[in-house]
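Everything on this sheet refers to the single structure shown next.
The values are calculated or read from the model by the stated rules, or taken from the named source; none is laboratory data. Not measured: the values here are computed from a predicted model. All Cβ positions, glycine included, derive from the backbone under ideal geometry; neighbour counts span all protein chains shown.
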């Protein structure tokens, strides 16, 4: 009995849907009696592509600069491909020390990014270090997006294969002086959950970098800039640096180019 009732209900729904469709077609596309005998070719079915279903991509170097004695170099790159809701991100940053002629810092991240609100994405993936200090692999989880007052933020949590937990937070804001002349204040903050002796890192906040870069956009894709940057080791990490005879902080002028594809 239940199967019979279910079948009758389903049949009724199908019939009503067919009648509604037929009624709608007849009301929206009436056929004139004088053309009732004419034959028309079938209209091909077209599935529209909505904007949020289209794939697009971009690559951006926020930092591609040289600074200080010995022509030290820094880079900070981000690229992605995907749609409005799902993307694959590739991120890389690093520092080449011109004095020691060594790659002191270098990392690459491959992330899956999912839209979780109008202005923020959640990101998951892996990070691989490649430098004179570390070749660790990390699991990565983070968020990236735009806060009120148009401040872009990127916050990540890392867990290495050795169980070491760390985090990095980056925030910056573009201040338009003119349509082409733009000042970008930026802060980078790093912290460590536990001491990592082989990397000379203490627990707590380890590094902070404050910078202000003034760029001129020749086009939207190429913008040379000049800036002032102050960085400093913090807390236990600063104490380790002093013990090793290393500088705790520095202030320098940087010049480079911001590139966008």
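Mind listing just one residue for me: the one in the range 192-224 that is in a loop (DSSP other than H, G, I, E, B) and within 21 Å of residue 76 (Cα to Cα) and, of those, modelled with the lowest pLDDT? Looking at the filtered set, the residue picked out is 220.
Among the residues of the range 170-182, the one identified as surrounded by fewer than 16 Cβ atoms within 10 Å (Cβ to Cβ) and within 20 Å of residue 204 (Cα to Cα) is 171. The residues of the range 62-94 that are touching a strand residue (DSSP E or B) at 6+ places or on another chain (Cβ under 8 Å), surrounded by fewer than 14 Cβ atoms within 10 Å (Cβ to Cβ) and in a loop (DSSP other than H, G, I, E, B), listed by number, are 70, 84, 85. Quick one: how many residues across the range 225-261 are touching a helix residue (DSSP H, G or I) at 6+ places or on another chain (Cβ under 7 Å) and part of a strand (DSSP E or B)? Result for the range 225-261: 1.
Going by the structure shown, is residue 208 closer than 25 Å to residue 253 by Cβ and surrounded by fewer than 16 Cβ atoms within 10 Å (Cβ to Cβ)? For residue 208, the condition - closer than 25 Å to residue 253 by Cβ and surrounded by fewer than 16 Cβ atoms within 10 Å (Cβ to Cβ) - is not met. Taken over the range 219-244, the criterion of being under 23 Å from residue 187 (Cβ atoms) and out of contact with any strand residue (DSSP E or B) (no Cβ under 7 Å at 6 or more places or on another chain) is satisfied by 238, 239, 240.
Among the residues of the range 95-118, those identified as loosely packed, with under 14 Cβ neighbours inside 10 Å and not in a strand (DSSP E or B) are 99, 100, 101, 116, 117, 118. For the range 162-178, the set of residues classified as over 17 Å from the mean Cα position of the chain (by Cα), over 10 Å from residue 193 (Cβ atoms) and modelled with pLDDT of 95 or more consists of 175, 176, 177, 178, listed by residue number. Just so you know, in the range 120-146 the residues that are exposed (fewer than 14 other Cβ atoms within 10 Å of the Cβ) and at pLDDT below 95 include one that is farthest from residue 91 (Cα to Cα), and it is 132. In the range 158-175, the residues that are touching a residue at least 12 places away in the same chain (Cβ under 8 Å) form Cβ pairs under 6 Å with partners that are part of a loop (DSSP other than H, G, I, E, B) and surrounded by fewer than 16 Cβ atoms within 10 Å (Cβ to Cβ), at six or more places apart or across chains, as follows: 165/193.
With respect to the conditions (1) within 27 Å of residue 218 (Cβ to Cβ); (2) surrounded by fewer than 16 Cβ atoms within 10 Å (Cβ to Cβ), residue 193 falls short on a single one, namely (1).
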